[in-house]
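Visitor: Below you will find the structure I want to go over with you.
The values are calculated or read from the model by the stated rules, or taken from the named source; none is laboratory data. Predicted, not measured: the structure shown is a model, and the values here were computed from it. Ideal geometry is used to build each Cβ from the backbone, glycine not excepted, and the neighbour counts take in all protein chains shown. These accessible areas exclude ligands, DNA and RNA; they are computed on the full protein's heavy atoms, side chains included. Shrake-Rupley method; radii C 1.70, N 1.55, O 1.52, S 1.80 Å.
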Amino acid sequence: MAVTNQTWDDKRLRNDRIGGLQEQMKLHGIGAMYLTDVNLLYALCLKIPGSAAFVPADGEAVALVRPRDKGWVSKEGLATAPTQYDGSSGWEPGGAEKFGRFGHFIADMMRERGVGDLPLGLDELEAAAFLGLQEAGVRIVDATGAIEKARSVKTADEVAIYRLIAEQYEATFKAFKVAVRPGITEKQLADVAVSAWQEAGGEDVSQINVCAGEHMNPWSRWPTDRELQDGEFVGIDFHARGPHGLRGNVSRTYVVGDHPTSAQREHYRHAYDYLQGVMGAVRGGRPLKDVLKDAPTAPQQYEAQLGYRTLLHSLGMMPSGYPH
C-alpha cells in the first residue's frame with residue numbers, strides 16, 4: 001500500500017531552497033550559479049533532462065531547457081531560457097562555436113542581473129562548455145561549499161517530506177523482516193526490499209546491500225545467491241529517494257530464526273548503547289567538536305573491524321553530505 005500523504009507545499013519548498021542558495025552565494029561572494037543534475041533538482045524541485053538551472057544571487061532562478069521541455073516547465077511556474085547546447089561534445093563539427101555562444105550567453109545573463117563582475121559558481125560541466133565560459137571572460141569558482149551549506153539545513157517542508165520517507169522505510173523494512181528465513185538468498189531479499197519500496201510509493205533505489213553470515217564482516221558490497229542459514233545475522237543497507245530528490249539511508253540487522261544466542265544479544269546491546277550515546281550528544285546549536293568530545297567510542301573488541309569511523313553525516317540529495 002502506497003504511503004503518499006503530502007503535508008508539504010511544493011512552491012514554498014522551491015522558494016526556500018533558492019533563498020538558502022542565494023544566502024550562501026552572498027556569503028561566498030558568488031554572483032550566480034550554473035547547476036546541473038542533482039543540484040538542478042534541488043534548486044528547481046523538478047527533474048528536467050538535458051537542462052540546467054541559472055540561479056543569480058538576487059532575483060528569479062531560470063531553467064535553461066530544450067525546446068521540447070519549455071511548455072511543461074513554464075506551467076510549473078518557472079522562468080525559462082534556451083539551454084544553448086545539448087550536451088554534445090565540443091570536438092564535433094561546429095562544437096567550438098556552439099560552446100562559445102553558450103559562454104557569451106551566460107556572461108550576458110550575469111551582466112543583465114548586475115553580477116557580471118562576480119564569479120559564476122559551477123558544480124559539474126564538460127570541458128568544452130567550461131572553456132566557452134572562460135573565453136567569454138566569466139570568472140569561475142567551485143560552488144560545492146555554498147551548495148553543501150545550503151542543503152545541510154532542512155526547510156520545514158523538507159522535514160515533512162522526511163517524515164513521509166520514514167514511513168516508506170518502515171513499510172519497506174517490515175516487508176524485509178517478514179521475508180527473512182533460512183533458505184532465501186541475499187538477492188531475493190534485495191528484490192523484496194525494492195518491491196516493497198515501490199509499493200510504498202517511493203521513487204528510485206540508488207543503492208542496496210544485503211549481506212548475511214560471513215558476508216557481513218568484512219561487509220560485502222552487493223547481494224549474492226548465498227542462502228541464509230538459521231541462527232546467523234543478515235544486514236541491509238538501503239539508499240532510496242523520495243519526493244523532490246531527498247534521500248533516505250538506513251541500515252538494519254536481523255537474526256535469521258527465532259533464537260538469538262547470548263553472544264548475539266550482547267552484540268545488540270553494544271550497538272544499541274552506542275547509538276543511544278551518539279544521539280544524546282547530537283543536539284542543535286552544539287559545535288561539532290563538542291559532539292565529538294561527548295560521543296561514545298566503539299567498544300574495544302570491535303575496533304579492529306572498523307574500516308573507518310563516521311560518527312554522523314548529513315543527509316539530503318546525496319548519500320552523505322556536510323557535516324561529515
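Visitor: At 7 Å along Cα-to-Cβ for each site, give me the label-to-label distance between residue 198 and residue 75 in nm.
Guide: 2.6
Visitor: Right, here's the next one. Could you compute the FRET efficiency for residue 177 and residue 12, with r as their C-beta to C-beta distance and R0 at 41 Å, rounded to 0.05? Walk me through the numbers before you get to the answer.
Guide: Values: r = 36 Å, r/R0 = 0.88.
Calculated transfer efficiency: 0.70.
Visitor: If you roll a 1.4 Å probe over the heavy atoms of the protein chains, what accessible area per residue do you get for the stretch 182-304, in Å²?
Guide: 56
Visitor: What percentage of the solvent-accessible surface of the chain, computed with a 1.4 Å probe over protein heavy atoms, is contributed by carbon and sulfur atoms?
Guide: On the way: 9050 of 17180 Å².
It is 53 percent, rounded to a whole number.
Visitor: Further question on the same structure: Suppose the chain between residue 97 and residue 281 were pulled fully straight at 0.36 nm per residue; how much longer would it get relative to their current alpha carbon spacing? Can you show the working numbers first?
Guide: Working: separation 184, 0.36 × 184 = 66.24 nm, distance 5.61 nm.
Length gained, residue 97 through residue 281: 60.6 nm.
Visitor: Please list 202-210, 289-297 highest first by mean number of surrounding beta-carbon atoms within 10 Å per residue. The partial results should precede the final answer.
Guide: Details: 202-210: 17.9, 289-297: 12.4.
Highest mean packing first, the order is 202-210, 289-297.
Visitor: Sticking with this structure for a sec: Treat each spin label as a single point 7 Å out from the Cα along the C-beta direction, and report the residue 142 to residue 112 distance in nm.
Guide: Taking the two extended label points, one gets 3.1 nm.
Visitor: A further question follows. May I ask for the angle, rounded to the nearest 10°, between helix 262-281 and the longest principal axis of the chain, with both axes built from Cα atoms and the value confined to 0 to 90°?
Guide: It works out to around 40 degrees.
Visitor: Still on this structure, please answer the following. If you count only protein heavy atoms with a 1.4 Å probe, what accessible area per residue comes out for the stretch 51-167, rounded to a whole Å²?
Guide: Normalised by residue count, the accessible surface of the stretch 51-167 is 50 Å².
Visitor: Something else now. Where does helix 186-199 land angle-wise versus the long Cα axis of the chain, in degrees 0 to 90, nearest 10?
Guide: Once rounded, the angle reads 60 degrees.
Visitor: Among rounded, prolate and oblate, which fits the stretch 181-324 when a ≥ b ≥ c are the square roots of the eigenvalues of its C-alpha gyration tensor, a/c under 1.5 means rounded, and a/b larger than b/c means prolate?
Guide: Oblate, since a/c reaches 1.5 and b/c is not below a/b.
Visitor: What translational D, rounded to a whole number of µm²/s, comes out for the chain from Stokes-Einstein when the hydrodynamic radius is the Kirkwood one over Cα pairs, at 20 °C and 1.002 mPa s?
Guide: This corresponds to a translational diffusion coefficient of 95 µm²/s.
Visitor: How would you order 223-231, 127-135 from highest to lowest mean count of nearby Cβ atoms within 10 Å?
Guide: Listed from highest to lowest mean packing, they are 127-135, 223-231.
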